[in-house]
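*Asks:* Quick one: structure below, then a few questions.
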Amino acid sequence: MSPLSTSLTLRAAKRRIDKFRPSLVSPQQCFSTIAIQGASPDEATQLAEWMEQGRGGTVVLCGAGLSTDSGIPDYRGPNGIYVRNATYKPIMYQSFVSSHTARQRYWARSYYGFNRVERASPNAAHAHLARLFEAGLLLRGVDVTGPHEGGEKAGHVAVPSFVTQNVDGLQQKAGVADSAVLELHGSLRDVHCVSCGHQVGRKEFQTELERLNPNWPPATQTAPNLLDGAQEAIMGAERGAGGAGAGTGSESGSGSIGSGRGFLAGRTPMPANDGKDVFGAVPLTAPVLSPLKAPAMNPDGDADIVVDFSSWKYPACTECGGVMKPGVVFFGENLPRPTRDLSFHSIAHCSRLLVLGTSLAVLSALRLVRAAVEAGKPVAIVNVGPTRADALSGVRKWERGVGGVLGEVVERVSR
């Protein structure tokens, strides 16, 4: 395909996307697709044959269902966060950048969840995909000209074999090169300033969060909970220490990782509690934190804890004093243009699209499926539960868990 025809294909795909309107799909509508359920060998053979027909040209679009067997929950699966908590609301971009309180809550919860994401290992599904990649079934070896991620300069960029909505980096841990994976919604590996773009590693940022909050339990040891006066112990220790290590109590300052100043402190006095902890439960006998069971984790790596976060401190940008944000795309935030363009390049250059472990509830992923269908490219979905692409004409669907069916596919294509 020539650069000109590629450009025309991209523009046509983007125009056609605007014709569609997002709509939720009922379980009944799922069966308007070619739904293949169960676990018979014939069905695995069908998917293996489908992939063989597109050998060397298949792009894989991944969702949270790919990582659930690694201990990272999904949003809408059988045990997803929306099933466990119907009122769950992820943090919105505007809330994060405009609200100090929202950032305190986010960074405290992220602090207690990050290590679990960092320690997570690839599961069988990631390993099977790595084998399919190495076996030559997926798209590879195609370059396009486009802007670099951090600027306007043009350069050659590899068209990805994988477009993943996950922020955990597990496909790369399974042995797939970074250049073959487009992280559509970013990654938890880095933190950057929303003002000047200065970037630091998430591990370094994690160390600084621990240093700034010495009266909170270490992330590797325990976690705050609503039990045993833990929150009152934190606040009491901070009051007794006179706010050591805190900033000025405002949201401004020079900011310096490791300098002990420039952090966003934002402290509020604790209410009177008549000798009980702040939740009115257990009498407070000593300001000691008890070892507690690790909290549940949400899909984006933050721990599901509910405490008073008003004493939590986090560092400002060391370059300009601005707000530091994780390298993930929040709800309500636009995709970076290079990421968006490269995702459309993957559709323009692929021969077919395999969708794994996602309900396609997010438009940035759904529009790629729609573009592939509009371009007349075969699309197959492997997912437990309905997706927003189930009603699209010609989409094939395997109503199965990702790991099992991919394992059977690997066996068949390896013969």
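*Asks:* Working carefully through the options 126, 100, 185, 156, find the one that is modelled with pLDDT of 95 or more and in contact with an Asp or Glu (Cβ under 6 Å, 6 or more places away or on another chain).
*Replies:* Just a single option satisfies the conditions, and that option is 100.
*Asks:* What number of residues in the range 382-396 are crowded, with 22+ Cβ neighbours inside 10 Å, more than 20 Å from the chain's Cα centre (by Cα) and not small (Gly, Ala, Ser)?
*Replies:* Result for the range 382-396: 3.
*Asks:* Limited to the range 397-410, what total is found for residues that are at pLDDT 90 or above and surrounded by fewer than 18 Cβ atoms within 10 Å (Cβ to Cβ)?
*Replies:* Number satisfying all stated conditions: 1.
*Asks:* Sticking with this one: Filter the range 401-414 down to the residues that are more than 19 Å from residue 52 (Cβ to Cβ) and assigned to a loop (DSSP other than H, G, I, E, B) and list them by number.
*Replies:* Listed by number, the list holds a single entry, 401.
*Asks:* Which residue is surrounded by the most Cβ atoms within 10 Å (Cβ to Cβ), if the candidates are limited to the range 178-207 and must be closer than 18 Å to residue 335 by Cβ and among the aliphatic types (A, V, I, L, M)?
*Replies:* Result: 184.
*Asks:* Could I ask something else about it? Would you mind telling me which numbered condition in (1) at pLDDT 90 or above; (2) of a type outside the set (Ser, Thr, Tyr); (3) in contact with a helix residue (DSSP H, G or I) (Cβ under 9 Å, 6 or more places away or on another chain) residue 72 fails?
*Replies:* Here residue 72 clears every test but (1).
*Asks:* Which residues, taken from the range 159-195, are touching a Pro at 6+ places or on another chain (Cβ under 8 Å), within 26 Å of residue 324 (Cα to Cα) and hydrophobic (A, V, I, L, M, F, W, C)?
*Replies:* Within the range 159-195, 170, 181, 182, 188, 191 meet the criteria.
*Asks:* Go through the range 330-343 and report how many residues are assigned to a loop (DSSP other than H, G, I, E, B) and over 14 Å from residue 164 (Cα atoms).
*Replies:* Within the range 330-343, residues that are assigned to a loop (DSSP other than H, G, I, E, B) and over 14 Å from residue 164 (Cα atoms) number 5.
*Asks:* For residue 386, state whether it is in contact with an Asp or Glu (Cβ under 6 Å, 6 or more places away or on another chain) and more than 25 Å from residue 158 (Cα to Cα).
*Replies:* no
*Asks:* Report the residue count in the range 126-143 for those that are more than 21 Å from residue 357 (Cα to Cα) and touching a helix residue (DSSP H, G or I) at 6+ places or on another chain (Cβ under 9 Å).
*Replies:* 3
*Asks:* Let me ask you something else. So, in the range 189-225, of the ones that are small (Gly, Ala, Ser), modelled with pLDDT of 95 or more and part of a loop (DSSP other than H, G, I, E, B), which residue ends up farthest from the chain's Cα centre (by Cα)? It would help to see each step written out before you state the result.
*Replies:* The first filter runs over the range 189-225 and keeps only residues small (Gly, Ala, Ser), leaving 195, 197, 201, 219, 223.
Okay, now just the ones that are also modelled with pLDDT of 95 or more, so 195, 197, 201.
Still in the list and also part of a loop (DSSP other than H, G, I, E, B): 195, 197.
Working: 195: 22, 197: 20 Å.
Filtering first and then ranking leaves 195.
*Asks:* Read through the list (1) in contact with a helix residue (DSSP H, G or I) (Cβ under 8 Å, 6 or more places away or on another chain); (2) more than 30 Å from residue 364 (Cβ to Cβ); (3) of a type in the set (S, T, N, Q), then give the number of the only condition that residue 207 fails.
*Replies:* (1)
*Asks:* With the structure loaded, tell me whether residue 373 is touching a strand residue (DSSP E or B) at 6+ places or on another chain (Cβ under 9 Å), in a helix (DSSP H, G or I), of a type outside the set (Lys, Arg) and at pLDDT 95 or above or whether it fails that test.
*Replies:* When the stated conditions are applied, residue 373 passes them.
*Asks:* Also, quick follow-up: What are the residues in the range 344-368 that are among the hydroxyl-bearing types (Ser, Thr, Tyr), surrounded by fewer than 23 Cβ atoms within 10 Å (Cβ to Cβ) and assigned to a helix (DSSP H, G or I), if any?
*Replies:* Residue satisfying the conditions is 364 alone.
The values are calculated or read from the model by the stated rules, or taken from the named source; none is laboratory data. The structure presented is a predicted model; accordingly, all values stated were derived computationally and were not measured. Cβ: placed from backbone, ideal geometry, glycine included. Neighbour counts: every protein chain shown.
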